[in-house]
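The structure under discussion appears below in the form of structure tokens.
A short reminder: the numbers here are calculations on the coordinates, not readings from a lab. Bear in mind that the values here come from a model prediction, so they are computed numbers and not experimental data. We place every Cβ from the backbone using ideal geometry, glycine too, and count neighbours over all the protein chains shown.
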């Protein structure tokens, strides 16, 4: 697989988390959105060069505008 950068919303659980884990294990770069980072701390530690999380809560209109 050609190295790519992926933007995935909702990487803290479910499909988003599973896809993120598989992509990172295959050497891809992932930028993922979360509402809180407690569930992705292990990914941040394990993949410091290829995983970045950004906070995005769609219920926070001010936060969305600042993002």
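For the stretch 32-42, enumerate the residues that are farther than 20 Å from residue 60 by Cα and outside any loop (DSSP other than H, G, I, E, B). Result: 41, 42.
Consider the stretch 1-13 and keep the residues that are under 13 Å from residue 51 (Cα atoms) and without any contact (Cβ under 8 Å) to a residue 40 or more places away in the chain. The one that is farthest from the chain's Cα centre (by Cα) is 4.
Scanning the stretch 44-63 finds one or more residues that are surrounded by fewer than 17 Cβ atoms within 10 Å (Cβ to Cβ), within 12 Å of the chain's Cα centre (by Cα) and part of a helix (DSSP H, G or I).
If only residues of the stretch 14-28 that are surrounded by 11 or more Cβ atoms within 10 Å (Cβ to Cβ) and under 18 Å from residue 56 (Cβ atoms) are counted, the one that is farthest from the chain's Cα centre (by Cα) is 19.
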